[in-house]
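Enquirer: Here it is, the structure, as structure tokens.
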Amino acid sequence: MADDEAPIEEQPEVEAEEVEEVEEAEEAVEAVVAEVEAEAVEEAEVEEVTEEAVEEEPDAEVEEVEATEAKADKKAPKEKPIPGADLEVDIVVEGDDSSPESSLDPFADEPDVAIVEVEEPVSDEPIAATIKLAADARYTATGKRKRAVARVILKPGKGEYLINGRSIDDFFPRPALQRNIRQPLEAVGYEDKMDVIARMHGGGVSAQAGALRHGISRALLEADPNLRGALKSRGFLTRDARAKERKKAGLKKARKRPQFSKR
């Protein structure tokens, strides 16, 4: 009987211990719930504060931008006024008579004509010349080109050339030089009415042809002084001053230098 009663007495103690554990568990749960609620409340308060700060930040940024712009305006140098900037532009288009000055100007209706001087090309027509072609007429002159000298005599004839006792075809076989020599008489129109007698010395073939043309032109000027303008415009009276440049000391020619050797 003693063995049967002992376990019956121990059951209330076991139940009391379970109740205490349950109560402790409930208190722990309540404490956790209270902490969670407290954290939620704190988070809500923090969110409200941040929203208010965000709403206030734009105003602060605007104030900062305005302050920086004001500082920049103070530091920026002041622009100097441009003289005449306030004046109105008065531009009159060419051909437009709407300007007030044009109504007052009595010559405003007349268009402005630009005068442009155009050089007239030298014509190939013969020059009008009045040369006395008497039987004993003689017109002499001297022509030069480089080192060539030509003493020329013009007289009435049939257009023959006698140069140092030889004909023009023998003395100047090149057709280009012959055309160059005949130019003055052809320009005047006396290529078939006058003979040319010349004595040449010095220079080469081309220089002698230039000297002979120069001498013939100057002889024509002696025959008729009124031909000066026409002959000069064609370049017949101008002495060709072109010549070979002299050799320089230390050079191979006038400007050609010896080859440079560094070593």
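Enquirer: Filter the cross-link list 132/232; 193/244; 146/256; 155/244; 146/232; 232/252 down to pairs whose alpha-carbon distance in this structure exceeds 27 Å.
Expert: 193/244; 155/244; 232/252
Enquirer: Here's something else I'd like to know. Run the numbers for residue 174 and residue 249: contour at 0.36 nm per residue of separation, minus the present Cα-Cα distance, in nm.
Expert: Taking residue 174 through residue 249 to full extension adds about 23.4 nm, to one decimal.
Enquirer: A further question on this structure: Rank-order 159-169, 248-258, 203-213 by packing density, defined as the average count of other C-beta atoms within 10 Å over each peptide's residues, highest first.
Expert: 203-213, 159-169, 248-258
Only the coordinates and a few stated rules stand behind these numbers; no lab work does. Computed from a prediction, not measured in an experiment: that's the story for all the values here. Neighbour counts are summed over all protein chains in view; Cβ atoms, including those assigned to glycine, are modelled from backbone coordinates with ideal geometry.
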